[in-house]
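Asks: The following block contains the structure, expressed as structure tokens.
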Amino acid sequence: MHEMSLMESVVEIACETAVSHGAKGIRVIRLDVGRLSHADPDALLFCYDAIRRGSLAEEAALEINRIAGEGWCLDCEKTVPLEERFGACPECGRSRVQMTAGDELKIRDLEVI
Amino acid sequence: MCTVCGCGTDPVIDDGTENGAGGHKHDHHHHDHEHEHEHEHEHGHDHDHGDHHDHHDHDHVHHEDGATHYGKGIAGVHVPGMSQEKIIQVERDILSKNDRLAAANRAHLAQRGIFALNFVSSPGSGKTTLLARMIRELKERMEITVIEGDQQTSNDAMRIREAGARAVQINTGKGCHLDAHMVGHAIETLEPAENSVLFIENVGNLVCPAAFDLGEAHKVVVLSVTEGEDKPLKYPDMFAAADIMVLNKSDLLPHLDFNTGLCIANAMRVNPKLQTFIVSARTGEGMEALYAWLEASAARRAAAAKVA
């Protein structure tokens, strides 16, 4: 359940950013969470509910933008979709694939009041 | 928030001294606040004086020359019907705070020539037994200190102290991992000597500690042969984050159907650069290879600090 720590960090960064921009409250927090990252979006939402109470983000919706996994296959010499972090290339079946997307764990933007 | 008691961000640190043992040290709550102010200073007057000025909500910037710019807001765009101050681009990694503290730990350790290893594993893989043996056999050759992470109890720190090393215990309470903030405070408490070796024994958990950089030189994943060859495939994040794998309890191999080659092959699939040591912390088999690596790496770290 390291999602709890991740969401504490999200709420902290969001509130600090909102305060430094003189906002009175946060309406939406948008995250980029890659499909191959180590965080589970359902767990993030669950933990968010527990953590936002009493903060500037109390009323804020959490939008999680899932980013599909992609990798560069050295054998096919092109970008291929990746279903798992260390998965094989879906076209040639070999494992020489370097992940290029899907590992994101980022706060993209905030909507504030 | 501190998940131990809800008091702040500090975990409980037991440094084995009288004022620390078993007690809460809540006298030093450091909160690092960030000050990334991005105020618009292009207009000479501020419109945000309170509620009575709310009708005067500007989403554009007045310049001295009279030009009005609608693209100078925080979002850098003008969206009809939406005041642009309402979107703030953040674009920051969720773990950026931890990563910054980890970088500070790493710089502090590097400067003092301290070689730090972060030991991670599932519970019961034999981390503490491994560390205790290393301390007993190496304490004449190098100075070792230990940071022990567990949810509860100081048992592991006591085992380490009995083996002959200074240790501090961090109890994470409900926490499932150590983070760079806790470790930074533990380093302050422990004050490892220059050119020494620091072992950080993380909370027994093959998932969460993978995400949190503590400022260590290497993550060392300890896997015992009673756990099954497919662990590296089941928990790839941890094996990808580690540089070293220690395959422990090798004395039990004759009694098991464990395929060592297959286990290493699985680990190499998720991390082709992973280096493996096969040891038994109980009998001492294979430990010399690990010691040779440790001594060489620590000496290199100490030499690098001297040059810098």
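Read-outs throughout are calculated quantities, based only on the coordinates presented, and are distinct from any laboratory measurement. Quick caveat, the model's predicted, so the values are computed rather than measured. A quick note on method: Cβ atoms are made from the backbone with ideal geometry, for glycine too, and the neighbour counts reach across all protein chains shown.
Asks: Can you grab the distance from the C-alpha centre of the range B:166-206 to the C-alpha centre of the range A:30-56, Å, no decimals?
Replies: What the calculation gives is 26 Å, centre to centre.
Asks: Let me ask you something else. Going by the alpha-carbon gyration tensor, a ≥ b ≥ c the square roots of its eigenvalues, is the range B:237-287 rounded (a/c under 1.5) or, if a/c is not under 1.5, prolate (a/b greater than b/c) versus oblate?
Replies: oblate
Asks: Right, another one. Tell me, what are the semi-axes, in whole angstrom and largest first, of the equivalent ellipsoid of the range B:205-269 as set by the roots of 5 times the Cα gyration tensor eigenvalues?
Replies: Largest first, the range B:205-269 gives 22, 12, 10 Å.
Asks: Additional query: Report the equivalent ellipsoid semi-axes for the range B:141-207 in whole Å, largest first, defined as the square roots of five times the eigenvalues of the gyration tensor built from alpha carbon atoms.
Replies: Three semi-axes, in Å: 20, 14, 10.
Asks: So for B:Trp293, A:Trp72, fewest C-beta neighbours within 10 Å to most, what's the order?
Replies: B:Trp293, A:Trp72
Asks: Using a 7 Å offset from the Cα along the Cα-to-Cβ direction at both A:Glu77 and B:Glu194, what is the distance between the two label points in nm, to one decimal?
Replies: Result for the modelled spin labels: 5.4 nm.
Asks: Using a Cα-Cα cut-off of under 21 Å, which lysines could be cross-linked to A:Lys106, ignoring same-chain neighbours fewer than 8 residues away?
Replies: Correct list for A:Lys106: B:Lys86, B:Lys97.
Asks: Please rank A:Cys47, A:Cys92, fewest neighbouring Cβ atoms within 10 Å first, as an exposure proxy.
Replies: Exposure proxy ranking, most exposed first: A:Cys92, A:Cys47.
Asks: Run the quick spin-label model on B:Glu140 and A:Lys24: label points 7 Å from Cα toward the beta carbon, then report their separation in nm to one decimal.
Replies: Modelled inter-label distance: 7.3 nm.
Asks: Something else now. Just list whichever of A:Lys78/B:Lys234; B:Lys219/B:Lys273; B:Lys127/B:Lys219; A:Lys78/B:Lys231 have alpha carbons separated by over 23 Å in the model shown.
Replies: A:Lys78/B:Lys234; A:Lys78/B:Lys231
Asks: From the P(r) of the range B:89-203, can you give the percent of Cα pairs sitting at distances over 24 Å?
Replies: Cα-Cα pairs of the range B:89-203 separated by over 24 Å account for 25 percent.
Asks: Now for a separate question. Most exposed first by the Cβ proxy, i.e. fewest other Cβ within 10 Å, how do A:Ser20, A:Ser5 rank?
Replies: Ranked by crowding around the Cβ, least crowded first: A:Ser20, A:Ser5.
Asks: Once you sort the root eigenvalues of the Cα gyration tensor of the range B:174-308 as a ≥ b ≥ c, which label holds: rounded (a/c under 1.5), prolate (a/b larger than b/c) or oblate (the other case)?
Replies: prolate
Asks: With r defined as the distance between the Cβ atoms of A:Glu16 and B:Ser297 and R0 fixed at 41 Å, what FRET efficiency is calculated, to the nearest 0.05?
Replies: 0.60
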